[in-house]
Amino acid sequence: MTLTHSLTLPAVCRPLSPAEADAVLGGADTATDEGSFTTVLSNIEKVSKVFNYMARIFSSTSAMLNNFITIYNTVKQLNEFISNNF
């Protein structure tokens, strides 16, 4: 099999044109909305951190509750064993 096309790379990189930037960023107008796009990304990051902290709280609370339930059940079984065997 022989290749009929070759891959060539540009000698110099240049910034994207506004039309190319719109296509890459999903239609965001980078010429006028650069600040608001950055603000949206910043807000998404902040909200995701809040959800991450909430998940940590629920996870640790669940683990502590599970430990308390295990301790309660173990003490209950120990009392039953002592009353049946001594």
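The values are calculated or read from the model by the stated rules, or taken from the named source; none is laboratory data. Just so we're clear, the structure is a prediction, and the values are computed from it rather than from any experiment. Don't worry about glycine lacking a Cβ; one is built from the backbone with ideal geometry, like all the others, and counts go over all protein chains shown.
Residue count for the stretch 41-86, restricted to those that are more than 23 Å from the chain's Cα centre (by Cα), assigned to a helix (DSSP H, G or I) and among the hydrophobic types (A, V, I, L, M, F, W, C): 9.
In the stretch 25-40, the qualifying residues are those that are in a helix (DSSP H, G or I) and surrounded by 10 or more Cβ atoms within 10 Å (Cβ to Cβ), and the one that is modelled with the lowest pLDDT is E34.
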